[in-house]
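Read the figures in this text as sums done on the coordinates, not as results from a lab. The model shown is predicted, which means the values in this text are computed figures rather than measured ones. We place every Cβ from the backbone using ideal geometry, glycine too, and count neighbours over all the protein chains shown.
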Amino acid sequence: MATIVPPTERTCERCGRHDVWDATSENWVVRDEVGNPHCLHEWDISGKYNPVGE
């Protein structure tokens, strides 16, 4: 059976906002006070990330 491995951080390609996953609150939190909170974020998702673990 495959295991799904979710991402733990993400960066917006438009404004530079950097978020990390907080397992305690089960939500994304802003890591740095960089970027625009009202940006329609375009996260750095590419074909390199594979959420399926072994």
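Based on C-alpha pairs under 8 angstrom that are at least 6 apart in sequence, the chain has a relative contact order of 42 percent.
Tally Lys and Arg at +1 and Asp and Glu at -1 over the other residues with C-beta under 12 Å from the C-beta of Pro7: what net charge comes out?
Summing Lys and Arg as +1 and Asp and Glu as -1 gives -1.
Ranked by how many other Cβ atoms sit within 10 Å of their own Cβ, fewest first, the residues Val20, Val52 fall in the order Val52, Val20. Each Lys and Arg adds +1 at its Cβ and each Asp and Glu adds -1 at its Cβ; summed about the Cα centre, the chain shows a dipole of about 120 debye. Once the mean of 1/r is taken over each pair of separate Cα atoms and inverted, the chain shows a Kirkwood hydrodynamic radius of 12.3 Å.
Dipole orientation for the chain: of the candidates Asn27, Ser46, Gly16, Ser46 has the Cα lying most toward the positive pole (charges on Cβ; Lys, Arg +1; Asp, Glu -1).
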